[in-house]
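Rule-based calculations on the coordinates, nothing more; no lab input. Computed from a predicted structure; not experimentally measured.
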Amino acid sequence: TEIGVIVRDNFGEECEKSSFFVFNGEKEWTAAWIGDKEGAQTPVYFRKKFFLPEKPKAARMYHTGLGYASVRVNGEYTDDARLDPAFTDYSKRVPYVFTPEIEKMLHAGENEILSVVAPGWRVLEGALPPGRVCPFNGSMVFSATIEWQDSRGVWHAVETDETWEACDGPLTEALIYG
């Protein structure tokens, strides 16, 4: 759901409309968690090549990782955030990132999604501010759904599953304080 906000001050001056999207929870998360290297402390790269029979009319992506997760679609970062998802106690909840309007990054034919998941907030024992704890130190895993709409208005999905590749890459460390 898209939400638009316009702020008006005491003098009646308005700012330009700003929009953001929220997931309304009507759809159950069905994408699998994928991972590599049990207990790894170095970044893990996940890749999926997939074929689209036509250029999507619309497309959006939901993704999350246990640790930092950055995503590229056909070589282009989906956003400029590098510390997503936000800090959390992974034993209680896992926030996700929603990226609308990624149809401009996709094309008819072969496409590629590449995600790098790094330790981030998860392995900071002793380095967090007072009162902040991060008890989770398991494997770095990733989960994503890319939904795209064809020219007939039908929605399709590409989700994380066992067909994604996982490997090491050139990035060897990515911690919040180091």
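Cross-link pairs exceeding 31 Å between alpha carbons, from the set LYS17/LYS49; LYS55/LYS92; LYS17/LYS48; LYS48/LYS92: LYS17/LYS49; LYS55/LYS92; LYS17/LYS48.
In sequence order, region 146-158 has phi-based couplings of 10, 9, 9, 10, 8, 5, 8, x, 8, 8, 10, 9, 10 Hz under the Karplus curve 6.51 cos²θ - 1.76 cosθ + 1.60, θ = phi - 60°, and Gly or Pro positions carry x.
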